[in-house]
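The values are calculated or read from the model by the stated rules, or taken from the named source; none is laboratory data. None of these values were measured; they are calculated from a predicted model. Because the Cβ atoms are built from the backbone with ideal geometry, glycine has one as well, and the counts that use them run over all protein chains shown. Quick note on the areas: whole protein, heavy atoms, side chains included, nothing else; ligands and nucleic acids left out. Shrake-Rupley method; radii C 1.70, N 1.55, O 1.52, S 1.80 Å.
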Amino acid sequence: MEKINRRIINNIIYSFKAVWKIDKFVVFLYGLNVLLEKVQPFLYIFLPKVLIDELTSDDADWFKTIGIILAFLIAITAANFIQRSTYSQTSARLIKYKLEKRKELALKIIDIDYSYMENSKTLNEYTLAQNAVGNYCNGMEGMMREMFGFIFSVLTVIGYVSILATLNIFVVLALIIITVVSYFIKQRIASQNMSKREETENCERRSSYYSNVMSDFSYGKEIRIYNAKKFLTDKYNLFNEMGIGIRKKVILQRTKWNFLLNIINLIKGLICYGYLLSAALNGNIQIGSFLMYFVALGGFTGWIEDVTESLAQLRRIDIQVDDYRNFMTIPDMKNGNEHKDIKTVNKIEFKNVWFKYPGTENYVLKNINLCLDTGDKLAVVGKNGGGKTTLIKLLCGLYEPDKGEILYDGINLRDLNRADYVNQLAVIFQTINIFAFSVKANVALCAKDNINAEKVSESLKSSDVDYILSKSHNGLDMSLSKILDDEGIELSGGENQKIALARAIYKNGSVIILDEPTSHLDAIAEKRIYDNYLQIAGNKISVFISHRLASTKFCDNIIMIEDGEIIETGTHDFLIEQDGKYAEMFNIQSVYYKDEGAEILE
């Protein structure tokens with residue numbers, strides 16, 4: 001997607017609205033906190049002058065002096081107390097904001113168009129979007145803080161200008177000119193830093209992946225058995241070094257500009273303090289006024305730099321807010337307008353379907369024509385990379401065809417409300433993901449109150465995995481990972497596949513899709529699973545992908561895909577008689593099936 005660069009005022013309004021929507025009072029607290037932070041220095045400017053003028057006057061009054069000091073201490077203490085209290089309140093309240101924004105990002109990932117999920121650019125954009133909700137210095141929260149800081153810093157600078165103008169207006173003008181030059185240099189530094197952010201984030205994301213793999217318990221066996229330690233550490237070091245190299249270049253440029261900034265600050269100090277010292281030595285100002293102006297000059301320099309720093313930070317944060325908003329505008333999965341109370345799907349049709357992945361030129365599927373009716377059991381076979389899994393992605397609506405159409409009961413899939421047809425799909429994908437939940441939650445994948453425990457037990461039995469319940473006294477409440485529960489258990493690859501099969505059985509959709517559902521099982525266990533499964537499938541539409549051609553014998557129809565095209569179609573017996581590619585693959589594999597268990601071929 002093309003990035004949108006919005007005007008900074010647009011992002012400022014958006015940021016305030018984002019925080020206001022979650023907690024209105026926190027905006028007031030934030031403003032009060034920053035205001036108190038900016039006001040306190042003025043007390044330190046005027047106190048020395050007032051005290052010295054009082055002490056050096058002919059009618060000095062110790063009680064009045066003590067009163068001034070007490071009033072100052074009370075004012076500072078009160079301001080400090082209120083500021084710290086508002087900061088604590090703000091920090092506590094903003095936790096809710098951070099959690100809401102992180103949830104918003106997570107929900108966006110769930111809803112995002114699937115084609116973007118298989119794009120590494122999207123992962124980089126997600127990392128950048130996370131920076132906008134990371135801490136109080138970044139994103140919408142940082143924008144609010146810096147905006148308050150900028151406004152009050154400007155007001156503070158105006159206060160300093162009012163004081164220093166009584167000394168010499170030309171000194172003030174010189175300070176402003178020098179500070180404006182400093183601002184543009186800081187802008188240059190900030191721009192260079194932000195220009196490299198995507199490169200550095202990409203390196204960090206990759207190095208984090210290798211770090212996570214090395215520390216992930218589930219990868220432990222493969223790393224040890226295949227001695228992958230050096231490979232992983234080399235990759236980790238490679239991306240770390242790339243990231244460090246980028247940062248070194250940025251730091252080198254920043255050092256050059258910072259040196260220039262220091263020279264400018266030195267000139268500024270010589271002009272301002274030189275003039276003030278000259279005025280004092282010539283008797284143009286009294287000792288009390290000298291101290292006031294001395295503190296005011298330092299304060300003015302600091303505060304006007306705060307203004308320029310706030311502008312630079314606002315620009316940096318503006319880019320972060322853009323990153324967040326751009327990520328949130330990535331299209332969600334398309335959702336048709338036609339709601340249909342689907343109790344069952346009776347017919348699925350592929351009509352002249354062509355498909356290629358976004359950003360590629362070659363079609364993965366070419367002119368696919370299929371028709372599946374209630375009770376049909378279709379097997380999809382072929383070599384790896386032929387387009388079998390892509391066909392399933394299209395059937396599930398994860399992608400849309402580039403040409404042609406897919407119809408559910410005569411309605412184009414892109415026109416159906418997504419929730420309507422997804423409810424009818426029971427799918428087992430090639431990659432099995434087991435959650436760190438209980439057995440029953442892993443099978444039902446729904447809220448605890450909605451789980452039918454009896455149905456879960458039946459689904460586990462049908463998928464031939466109910467025996468795992470004996471591994472723990474917790475039964476259906478047994479966790480399938482130790483990540484969240486020390487008493488959890490780790491299942492084998494085959495057992496994970498059976499859990500996934502139990503999910504499909506539990507969902508009881510009218511369309512069942514199995515993508516290599518038994519690849520981790522031996523031939524005998526596979527046959528037992530299918531025998532049980534066929535009883536449950538009944539009159540549902542079933543689509544199977546399998547490399548084991550013997551497991552397709554129970555299907556009514558088989559299609560063989562090669563290079564994205566259907567090259568053979570028919571029943572198992574018909575295709576064997578044709579003595580084509582299917583028969584060739586089956587005969588090669590049959591030797592191994594006989595070795596594992598001849599009954600699967602009967």
### Ala583 paired with Tyr357, simple spin-label distance in nm, labels 7 Å along Cα-to-beta-carbon
3.5
### Message
With angles folded into 0 to 90 degrees, how steeply does helix 523-537 sit against the dominant principal axis of the chain? Use alpha carbons for both and round to 10.
### Response
90
### Query
Using a cut-off of 28 Å between alpha-carbon atoms, which lysines can reach Lys268, once sequence neighbours fewer than 8 places away in the same chain are excluded?
Lys38, Lys49, Lys186, Lys256
### Summary
Bridge orientation stat for the chain from DSSP, antiparallel percent rounded to 5, came to 55
### Task
Name the residues whose placed amide hydrogens come within less than 5 Å of the amide hydrogen of Val364, ignoring near sequence neighbours (fewer than 5 apart) on the same chain.
Phe355, Lys356, Tyr357
### Query
Rounded, prolate or oblate: which one fits region 70-200, using the alpha carbon gyration tensor with axes a ≥ b ≥ c (rounded when a/c is under 1.5, else prolate when a/b beats b/c, else oblate)?
oblate
### 27 Å Cα-Cα threshold exceeded, pairs from Lys229/Lys471; Lys121/Lys347; Lys461/Lys482; Lys235/Lys393; Lys383/Lys553; Lys103/Lys448
Lys229/Lys471; Lys121/Lys347; Lys235/Lys393
### Message
At 0.36 nm per residue, and after removing the present C-alpha to C-alpha distance, how many nm does the segment from Ile9 to Cys137 gain when stretched out fully?
### Response
44.3 nm
## Note on the structure
Between Asn508 and Ile74, the two model label points (7 Å from Cα along the beta-carbon direction) sit apart by a distance in nm of 7.6
### Query
Angle between the Cα long axis of helix 493-507 and the longest principal axis of the chain, 0 to 90 degrees, nearest 10?
90
### Task
Give the accessible surface of the chain per residue, rounded to a whole number of Å², with probe radius 1.4 Å and ligands, DNA and RNA excluded.
52
### Task
Would you mind telling me the share, in percent, of accessible area of the chain contributed by carbon and sulfur at probe 1.4 angstrom?
57
### Query
Nearest 0.05, what FRET efficiency do Lys230 and Tyr209 give at R0 = 22 Å with Cβ-Cβ as r?
0.85
### Query
Among residues other than Leu445 whose Cβ falls under 11 Å from its Cβ, what is the net charge (Lys/Arg +1, Asp/Glu -1)?
+3
#### Entry: Local electrostatic count at Glu400 - Lys and Arg +1, Asp and Glu -1, tallied over other residues with Cβ under 14 Å
+2
### Task
Please list the non-local residues whose amide H lies under 5 Å from the amide H of Asp485, H modeled 1.01 Å from N, same-chain partners needing a gap of 5 or more.
none
#### Entry: Label selected from [x] 1.07; [y] 1.25; [z] 1.39, the criterion being Cα Rg over 2.2 N^0.38 Å as computed here
[z]
#### Entry: For Phe25, net neighbour charge (Lys/Arg +1, Asp/Glu -1) across residues whose Cβ lies under 12 Å away
+2
### Query
Can you list the residues, at least 5 places off or on another chain, whose amide H is less than 5 Å from the amide H of Asn346, using H built in the peptide plane?
Asp409
### Task
Within region 116-160, which residues have the backbone N less than 20 Å from the label spot 7 Å out from Trp20 along Cα→beta-carbon, could you tell me?
139-152
### Loop-located chymotrypsin sites (Phe, Trp or Tyr not before Pro) in region 223-275, at most 12 other Cβ atoms within 10 Å (DSSP)
Tyr226
### Message
Taking R0 as 22 Å, what FRET efficiency do you get between Thr329 and Ala419 from their Cβ-Cβ distance, rounded to the nearest 0.05?
### Response
0.50
